[in-house]
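Colleague: Have a look at the structure that comes next, please.
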Amino acid sequence: MGVPQRTLPDHETHVTLGRVAWLLLTYRLPADRSSARVTVWREVRRTGALQLQQSVVALPDTEEFRRLLARLRAVVAEVGGSAVALEAQPLEPDDDMRLTSTWNEARAAEYGELATESEKLVSEIDKEFAKEKFTLAELDEEEAELEKLRSWHERIRARDVLGGDNAAEAEAALDRAAEAVSRYTAAVFDRTHG
């Protein structure tokens with residue numbers, strides 16, 4: 001008989017005694033296959049999981065992260081490894097604070113990188129204006145870059161369940177990038193249809 005599963009809303013984090021509940025996954029991979037390690041590493045990165053030690057990762061206990069944990073377990077199995085998943089509760093307030101802080105630092109770093117890449121897009125578009133290069137091919141490239149940034153922003157926001165820093169700055173930078181692409185779109189339209 002299986003263990004009953006709790007159902008939580010996607011972004012509701014399970015909290016007990018003021019501490020965030022965590023999901024832990026420990027896994028073992030075939031020693032002779034570096035491709036297996038790379039495959040699992042990529043999946044760990046996609047989930048945003050904290051790498052606590054080699055082959056031990058942690059995720060906040062939400063329904064969305066439970067789904068991602070199941071996917072991670074499946075990837076481990078696909079490459080010939082084995083995994084054990086556990087629900088975990090920090091024993092001490094310092095442990096809770098350390099895990100939450102580390103999680104939020106990772107999200108803040110992602111937001112910071114997103115802001116930097118958004119500003120690079122604004123600079124790129126400013127250069128196109130300076131060169132008066134208003135081509136459909138360039139517009140396609142800039143629009144694709146903006147969509148990539150928006151998609152990345154959504155992935156970070158989905159992981160940001162514990163209130164990380166830099167979210168507002170990243171969103172403002174992404175808004176500036178969207179505004180720059182909009183200006184560039186209008187300029188290309190004017191040049192090609194004027």
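Colleague: Just to be sure I understand the curve: with the Debye formula and one point per C-alpha of the range 105-194, what is log10 I(q)/I(0) at q = 0.13, 0.14 Å⁻¹?
Modeller: Relative scattering, expressed as log10 I(q)/I(0), comes to -0.45, -0.50.
Colleague: Okay, moving on. Among GLU43, GLU132, GLU117, which one shows the biggest mean-square fluctuation in a GNM of the chain, springs joining Cα atoms closer than 10 Å?
Modeller: Maximum fluctuation in the GNM of the chain, among the listed residues, is at GLU132.
Colleague: Please state the charge dipole magnitude for the chain, taken about the Cα centre, from unit charges on C-beta atoms (+1 on K and R, -1 on D and E), reported in debye and rounded to the nearest 20.
Modeller: My answer is approximately 920 debye.
Colleague: Give the lysines reachable from LYS148 as a straight Cα distance under 23 Å; neighbours fewer than 8 places away on the same chain don't count.
Modeller: Leaving aside lysines fewer than 8 places away in the same chain, those within reach of LYS148 are LYS120, LYS127, LYS133.
Colleague: Then there's this: Where only protein heavy atoms count, and the probe is 1.4 Å, what is the accessible area per residue for the chain in Å²?
Modeller: Accessible area per residue: 58 Å².
Colleague: Under the rule of -39500 (n - 2.57) per DSSP H run of 4 or more residues, summed and divided by the residues of the chain, what mean residue ellipticity at 222 nm is obtained, to the nearest 500 deg cm²/dmol?
Modeller: Helix-only estimate at 222 nm: -22000 deg cm²/dmol.
Colleague: Provide, as a two-decimal number, the C-alpha radius of gyration of the range 70-134 over 2.2 N^0.38 Å, N being how many residues it has.
Modeller: Working it through for the range 70-134, the quotient is 1.98.
Colleague: May I have the convex hull volume per residue, in Å³, for the Cα set of the chain?
Modeller: Here the figure is 159 Å³ per residue.
The values are calculated or read from the model by the stated rules, or taken from the named source; none is laboratory data. Please read all numbers here as calculations on a predicted model, not as lab measurements. Counting neighbours? That spans all protein chains shown, and the Cβs are built from the backbone with ideal geometry, glycine included. For the accessible areas, the whole protein counts, side chains as well, though only heavy atoms, and no ligand, DNA or RNA atoms are used. Shrake-Rupley method; radii C 1.70, N 1.55, O 1.52, S 1.80 Å.
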